[in-house]
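Here's the structure, in structure tokens; my notes come after.
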Amino acid sequence: MEIRTCPLYPYPGLTVAEVDHGTDQSWHFLPFEDRQAELHALNSRYILALGSRKGVAIFDREERRCTVLKPDFEYIGGRKKIWCFSENCGSVFLQEWEQKPGFKKSSKIALRQMSADGAIDRKIASEIDFHVAQILVRDDGCIVCVERKKIVAFEPRSEETSAWHFGEHERPIDYDNLENYRDGDDDFRWFSDDARYGVRLNLTPAAIFHPSWRQRSKAARAIDQLLKNMGLLSQSDDLHPDLPGNGTPQRGLAVEIFQLAPIKLMRSIVVRYFPEASFETGFVRRDDGTILSRAELAKLPERMKDAMSVSVHYPPRLHERIANIEWQDNSDDFRVSIVEGTRKVPSNYSTGYDTVEDMSFRTISVTGDFGPLEFVSGEAEPRNFDSRPSKKAINAIEKIIRERSNHHIECGKLTGASVATALTSVCKMMQSKGVKELVFNGQLRFKFRVEGKLQSEKKFFEALLKMPAEAVKEWLPALRELLAFYGAEARTITNDGSSPIMSSASEQGSAALSDAALTLAVLDEVGFDALRDWVVSVDQEHDYCAARKVFPAFAKKTGFKTPEAISFGLWFFLQQWQTVNYGKNWLGLFDQAKQVMTPRRFAEVVAEEWKGVAEFLSEKWAGPVHERVEDVLGADDWSQEALQELDKLRDQGAL
């Protein structure tokens with residue numbers, strides 16, 4: 001099964017997937033509606049999708065449907081995507097956190113089993129402290145979890161657990177002498193498909209010499225035996241085909257082969273020898289395969305150099321040379337991909353250069369036998385392979401998104417009654433389907449059909465601002481109800497950890513229904529409390545609409561001439577922490593408060609509004625309330641008396 005994927009422009013947060021590209025059975029779909037995904041074929045029928053941050057989904061290629069959708073599932077593994085698929089159980093197994101009381105994450109292992117057909121979804125917990133690095137499945141259905149220091153095996157049908165520790169197979173490594181060593185380089189990372197064997201790098205540094213040279217002295221033979229005891233040199237290394245016959249110092253690239261569950265070191269084997277000098281200066285390989293060090297090349301006469309067809313290699317460090325290990329179908333042999341060196345070659349697609357890797361490949365058996373070394377030039381590897389889905393698939397997904405992203409509302413003629421009906425329809429749609437169901441890719445948009453023509457939200461509400469006052473009175477209550485209901489729903493959604501709901505895919509876009517909120521702020525003198533929950537749902541660190549447009553419009557309309565307007569203004573003042581600075585005047589809020597309220601009542605309103613703000617905004621962002629208010633009040637008697645009243649309320653625990 002071929003799976004092709006690509007990000008979708010202008011929705012880079014989405015992934016287009018196409019299965020069986022270029023065939024009559026081609027099928028395209030959107031794995032998730034609000035995030036990117038990585039796709040993996042479980043078998044010839046089922047496909048696993050893992051969300052970029054979280055989320056798991058399974059798709060049935062034959063029935064062309066989603067069988068499992070867990071958008072909130074937090075799998076462990078990050079970019080490693082730790083999971084396995086058991087044909088025996090017909091299930092995917094992933095690791096998840098075992099929660100402790102108080103929402104603290106435990107180190108105890110827990111596996112989630114999800115059957116591909118959606119019939120099974122259960123947690124398999126364990127009392128073993130364990131951080132999984134890889135999940136494997138044995139032929140008998142047993143699930144094998146590998147960590148750096150131990151292996152745990154689960155029997156999913158009985159939920160029995162067995163643990164095998166590495167123990168005596170840990171070997172001392174002088175990491176200080178390993179150039180470019182990274183934590184984890186000595187981990188198991190390559191496993192046979194039947195979970196019987198694992199391979200890891202042998203990082204013990206050592207120089208190897210040709211046997212005929214070693215046998216010239218007792219010291220050389222002692223070194224030879226020491227290397228064998230260390231596991232770097234096997235008994236068959238005297239016959240290794242990579243060793244030259246001229247006594248040139250060589251360095252061996254070795255791997256360790258382990259039996260898994262229970263853990264047992266089988267052997268260490270050198271998969272490739274390299275000239276010692278090549279690690280210092282690089283080396284040269286002629287077309288006939290002969291390898292010369294840069295020093296050896298320098299000794300040759302110029303006429304011989306000119307006659308040679310050579311390529312200069314600058315190889316990576318020893319333990320970085322193994323690019324990959326692929327186990328064969330029989331799980332008794334594996335193929336090692338070794339980086340011989342990197343070169344710059346003229347680009348096929350520009351006037352510049354591409355970097356290519358010259359590779360060698362060798363098949364190794366778990367018994368210690370190995371095949372010949374095969375060299376492949378970097379130019380022979382395919383470059384810039386087009387793995388994008390077809391244009392037809394991309395266009396079809398774009399059409400689905402257009403239909404899914406915009407909700408059409410009928411309005412008819414632009415009259416007070418028809419607008420009221422249209423706004424009520426929006427609210428009823430949210431109430432019946434749920435706001436979360438209407439959101440697509442983190443966005444919520446409506447289009448209004450006015451006299452047969454579709455209008456965007458922005459144009460629709462701009463037209464509403466121009467309507468006569470008598471018409472506005474007809475639909476203003478419906479707008480209040482709409483914003484109050486949506487704001488409460490949006491606030492609940494963002495409280496669950498979801499990103500704020502936006503009106504577009506643009507990074508500079510505003511929150512959903514921003515034009516509706518601005519319209520209410522411009523026109524409504526009494527119903528502005530409907531904006532509270534909407535304001536809370538806005539990402540005020542990045543979205544400036546509420547602070548730079550909506551609140552100034554509200555201030556202009558009300559003039560803060562009523563206690564209700566001042567209460568709303570103080571609430572906005574207390575919860576606003578990032579997007580804008582109105583200075584000490586705050587658009588006239590505090591000057592008008594002195595005209596409308598007594599100092600004591602002002603202090604009481606501050607305390608009342610802070611009580612609501614403190615439920616969702618920590619003091620880290622809001623700052624001490626008394627100090628914030630003191631910064632914007634003057635030195636007049638009213639201000640000083642108000643601060644004294646705030647002190648009293650603070651002493652009473654009201655602030």
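Calculation over all alpha carbon pairs of the range 536-647 in 5 angstrom steps from 0 returns a P(r) of 2, 12, 23, 26, 22, 11, 4, 0 percent.
For the range 477-517, backbone nitrogen atoms closer than 13 Å to the point 7 Å from residue 616 Cα along Cα-to-C-beta are found at 484-498, 500-501. On full extension, the segment bounded by residue 580 and residue 598 gains 3.7 nm, given 0.36 nm per residue less the C-alpha separation. With the simple model of a label 7 Å out from the Cα in the direction of the Cβ, residue 127 to residue 391 spans 6.4 nm. Of the GluC sites (Glu not before Pro) in the range 474-571, the ones in a loop by DSSP (not H, G, I, E or B) with at most 10 other beta carbons within 10 Å are 507. In this structure, the residue pairs whose Cα-Cα separation is over 18 Å, taken from 549/594; 413/466; 436/459, are 549/594; 436/459.
Orientation-averaged projection of the range 547-592 equals 2.8 nm² [convex hull of Cα atoms, one quarter of hull surface area].
The 3J(HN,Hα) values that the Karplus relation (6.51, -1.76, 1.60; θ = phi - 60°) gives for the range 610-615 are, in residue order, 5, 4, x, 5, 4, 5 Hz. Gly and Pro appear as x.
With each label modelled as a point 7 angstrom along the Cα→C-beta vector, the residue 40-residue 542 pair spans 2.9 nm. Can you find, among 592, 635, 575, the residue sitting farthest towards the positive end of the charge dipole of the range 506-655, where Lys and Arg contribute +1 and Asp and Glu -1 at Cβ? Checking the options against the dipole of the range 506-655, the answer is 592. Here the translational diffusion coefficient of the range 418-571 follows from Stokes-Einstein with Rh set to the Kirkwood radius across Cα pairs; for 25 °C and 0.890 mPa s it amounts to 156 µm²/s.
Assuming a ≥ b ≥ c are the square roots of the Cα gyration tensor eigenvalues, decide whether the range 1-87 counts as rounded (a/c under 1.5), prolate (otherwise, with a/b larger than b/c) or oblate. Oblate, because a/c is 1.5 or more while a/b does not exceed b/c. Annotation: amide H-H contacts under 5 Å for residue 328 (H modelled 1.01 Å from N, sequence separation of 5 or more, or interchain): 333, 334, 335. If R0 is taken as 30 Å, the Cβ-Cβ distance between residue 433 and residue 398 corresponds to a FRET efficiency of 0.85. In the range 29-73, Rg over Rh equals 0.94, where Rg is the alpha-carbon radius of gyration and Rh the Kirkwood radius from pairwise Cα distances. Full extension of the segment from residue 164 to residue 369, taken as 0.36 nm per residue of separation minus the current Cα-Cα distance, would add 71.0 nm.
Taking the charge dipole of the range 486-611 about its Cα centre, with +1 at Lys and Arg Cβ atoms and -1 at Asp and Glu Cβ atoms, the residue from 610, 498, 544 reaching farthest to the positive side is 610.
Computed over protein heavy atoms with a 1.4 Å probe, the accessible surface of the range 330-477 works out to 54 Å² per residue. In the assembled protein chains, residue 444 presents an accessible area of approximately 0 Å² (probe radius 1.4 Å).
Evaluated with a Cβ-only charge set (Lys, Arg +1; Asp, Glu -1), the range 438-548 carries a dipole of roughly 400 debye about its Cα centre, given to the nearest 20. Per residue, the convex hull around the alpha carbon atoms of the range 342-471 comes to 242 Å³.
Per 10 Å bin from zero, what fraction in whole % of the C-alpha pairs of the range 565-615 is there, up to the bin with the longest pair? Histogram of Cα-Cα distances, whole percents per bin: 25, 56, 19, 0. Compared with the alpha-carbon gap, the fully stretched path from residue 264 to residue 462 is longer by 63.9 nm at 0.36 nm per residue. Over the range 476-523, the hull volume per residue, using the convex hull of the C-alpha atoms, is 68 Å³.
The values are calculated or read from the model by the stated rules, or taken from the named source; none is laboratory data. As the structure is a computational prediction, the values presented were derived from the model and not from experiment. Cβ: placed from backbone, ideal geometry, glycine included. Neighbour counts: every protein chain shown. Ligands, DNA and RNA are stripped out before the accessible areas are found, and what is left, the full protein with its side chains, is counted by its heavy atoms. Shrake-Rupley method; radii C 1.70, N 1.55, O 1.52, S 1.80 Å.
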